[in-house]
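The structure under discussion appears below in the form of structure tokens.
The values are calculated or read from the model by the stated rules, or taken from the named source; none is laboratory data. This is a predicted model, so every value here is computed, not measured. Cβ coordinates were reconstructed from backbone atoms using ideal geometry, including for glycine residues, and neighbour counts include every protein chain displayed.
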Amino acid sequence: MDLLNTLVDKGLRRETPTRAEALAVLATSDDDLLDVVAAAGKVRRHWFGRRVKLNYLVNLKSGLCPEDCSYCSQRLGSKADILKYTWLKPDEASEAAAAGLAGGAKRVCLVASGRGPTDRDVDRVSDTIKAIKDRNEDVEVCACLGLLSDGQAERLREAGADAYNHNLNTSESTYGDITSTHTYADRVDTVRKAHAAGLSACSGLIAGMGESDDDLVDVVFSLRELDPDSVPVNFLIPFEGTPLAKEWNLTPQRCLRILAMVRFVCPDVEVRIAGGREVHLRTMQPLALHLANSIFLGDYLTSEGQAGKADLEMIADAGFEVEGAGQVTLPEHRAGGGCGSHEGGGCGPHEGGGCGSHEGGGVCGSATAAEAGPGGSAAEEPRTDLVAVRRRGAGTDLAPNA
């Protein structure tokens, strides 16, 4: 296809596709899907080889969020049967992080539900960062705490944080449809605060909330403009007890097209498959490794993921290798950015308010069938059997799924 040859050439030159080209990727047919994956895979391998970066989430404070993000199981008014607990102590969080690091994770994302941290919260997280780095000085630590006030990003940087995650989630034009307690502009402001403080910025999106192809392209182009070092792609986990519980708009094929589009628009950026990959990609997860160079290991914030051992086997079976602590994540020309741009440096992951690992993404934290386009995503019947609430790991007495 001339389209794919053009997109590969542009990706190798770090040239931005046109909106029409990005939309065309989402509109490709199932017959062309493997060609799309192969083309985007050339761009992925050019900049990142066959390495897969592993990230691990530690939920520092679960549930009880005052924000009303429709996709989030921790939202105000959520009836989802999730774990709820207040702040983990630094040694508890460090112990939780150690499980992920033992499984091969290179980065730990420290996530807390809520609108944003108080100054006392920043102190708590700073103590936790120190506790984690005292045990493993090479670990990358990303904080994901919601909206930042002036000076807080600088304090996190001084405490040893390498990155900050805050997702845009969806297009500016539709943001008000999913959240009313803060704005799209608030989110952009927090990403810019992280950048200005010298933190590696991590910001991504959620697909599957009923958005159009135009919305998906809008948010990815907005992310390209913000220039984060890593872009987590969440696939909505439709939790029972949330307003989007019935939004089952994704198929594995649709998810692969979205990841390919993100790779073409952000060719030299760490693209991370975040929350929902097990639910929506299912047996096609290995194909997604040809598009993204980063995943979360084990469980998410409030939902269970694939077993860590199964993740490692999948990576090896697909012909990829886990990125080591001494390997640089980003290409050399992005080395000043921070997200894995030097040994021991980095960016981070989240699942709802942040680094892209939320059940849907969010501050705490795909088109509908009619809008899906040719070969797109016919809406699925609700598959509540695919959504498992997390009952282990941080905040519980059970061992984590790392």
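Descriptive notes on the structure:
- Just one of the listed residues (VAL111, VAL141) is closer than 17 Å to ARG390 by Cβ and β-branched (Val, Ile, Thr), namely VAL111.
- Scanning the range 71-82 for residues that are surrounded by fewer than 20 Cβ atoms within 10 Å (Cβ to Cβ) and either of a type in the set (Lys, Arg) or at pLDDT 80 or above (or both) yields one hit, LYS79.
- Condition met for GLU137 (part of a helix (DSSP H, G or I) and surrounded by fewer than 23 Cβ atoms within 10 Å (Cβ to Cβ)): no
- In the set (1) out of contact with any Cys (no Cβ under 6 Å at 6 or more places or on another chain); (2) assigned to a loop (DSSP other than H, G, I, E, B), ARG187 fails one condition alone, (2).
- Among (1) in contact with a Ser or Thr (Cβ under 9 Å, 6 or more places away or on another chain); (2) modelled with pLDDT of 95 or more; (3) of a type in the set (Ser, Thr, Tyr) - the single one THR283 does not satisfy: (1)
- Failed item in (1) buried (at least 24 other Cβ atoms within 10 Å of the Cβ); (2) over 15 Å from the mean Cα position of the chain (by Cα), with ASP268 passing the rest: (1)
- Restricting ALA161, ALA143 to those that are assigned to a strand (DSSP E or B) and surrounded by 16 or more Cβ atoms within 10 Å (Cβ to Cβ) reduces the list to ALA143.
- Of the numbered criteria (1) over 22 Å from ASP385 (Cβ atoms); (2) at pLDDT 95 or above, the one ALA325 fails is (2).
- Residues of the range 78-102 satisfying the condition of being assigned to a helix (DSSP H, G or I), in contact with a strand residue (DSSP E or B) (Cβ under 8 Å, 6 or more places away or on another chain) and closer than 20 Å to THR118 by Cβ: ALA93
- Restricting the range 2-47 to residues that are assigned to a loop (DSSP other than H, G, I, E, B) and out of contact with any helix residue (DSSP H, G or I) (no Cβ under 6 Å at 6 or more places or on another chain) leaves a set whose member that is farthest from GLU225 (Cα to Cα) is SER29.
- LYS10, sole failed condition from (1) within 30 Å of THR242 (Cβ to Cβ); (2) among the charged types (D, E, K, R); (3) touching a Pro at 6+ places or on another chain (Cβ under 8 Å): (1)
- The set of residues from the range 53-69 being at pLDDT 85 or above, under 30 Å from ASN293 (Cα atoms) and either in a loop (DSSP other than H, G, I, E, B) or not charged (D, E, K, R) (or both) comprises LEU54, ASN55, TYR56, LEU57, VAL58, ASN59, LEU60, SER62, CYS69.
- Residue within the range 10-25 that is of a type in the set (Asp, Glu), touching a Ser or Thr at 6+ places or on another chain (Cβ under 8 Å), surrounded by fewer than 20 Cβ atoms within 10 Å (Cβ to Cβ) and modelled with pLDDT of 95 or more present: yes
- Out of GLY114, GLY104, sole residue that is surrounded by fewer than 24 Cβ atoms within 10 Å (Cβ to Cβ), touching a Cys at 6+ places or on another chain (Cβ under 7 Å) and under 26 Å from VAL233 (Cα atoms): GLY114
- Single unsatisfied condition, MET284 versus (1) in contact with a Pro (Cβ under 7 Å, 6 or more places away or on another chain); (2) hydrophobic (A, V, I, L, M, F, W, C); (3) buried (at least 24 other Cβ atoms within 10 Å of the Cβ): (3)
- Residue pairs meeting the criteria (Cβ under 6 Å; at least 6 apart or on separate chains; first farther than 25 Å from ASP30 by Cα, in the range 223-252; second acidic (Asp, Glu) and at pLDDT 95 or above): SER230/GLU270
- For the range 289-322, the set of residues classified as within 22 Å of TYR71 (Cβ to Cβ) and buried (at least 23 other Cβ atoms within 10 Å of the Cβ) consists of ALA292, SER294, ILE295, PHE296, GLY298, ASP299, TYR300, LEU301, THR302, SER303, GLY305, listed by residue number.
- Being surrounded by fewer than 16 Cβ atoms within 10 Å (Cβ to Cβ) and within 30 Å of VAL389 (Cβ to Cβ) holds for only one residue in PRO66, PRO90, and it is PRO66.
- In the range 213-240, the residues that are surrounded by fewer than 21 Cβ atoms within 10 Å (Cβ to Cβ) and in contact with a Gly (Cβ under 9 Å, 6 or more places away or on another chain): ASP227
- Meets criteria (of a type outside the set (A, V, I, L, M) and either at pLDDT below 95 or closer than 25 Å to SER78 by Cα (or both)) for GLU240: yes
- Summed over the range 289-306, residues that are in a loop (DSSP other than H, G, I, E, B), at pLDDT 90 or above and aliphatic (A, V, I, L, M) total 4.
- Qualifying residue in the range 177-199 (condition: modelled with pLDDT of 95 or more, among the hydrophobic types (A, V, I, L, M, F, W, C) and closer than 15 Å to CYS69 by Cβ): no
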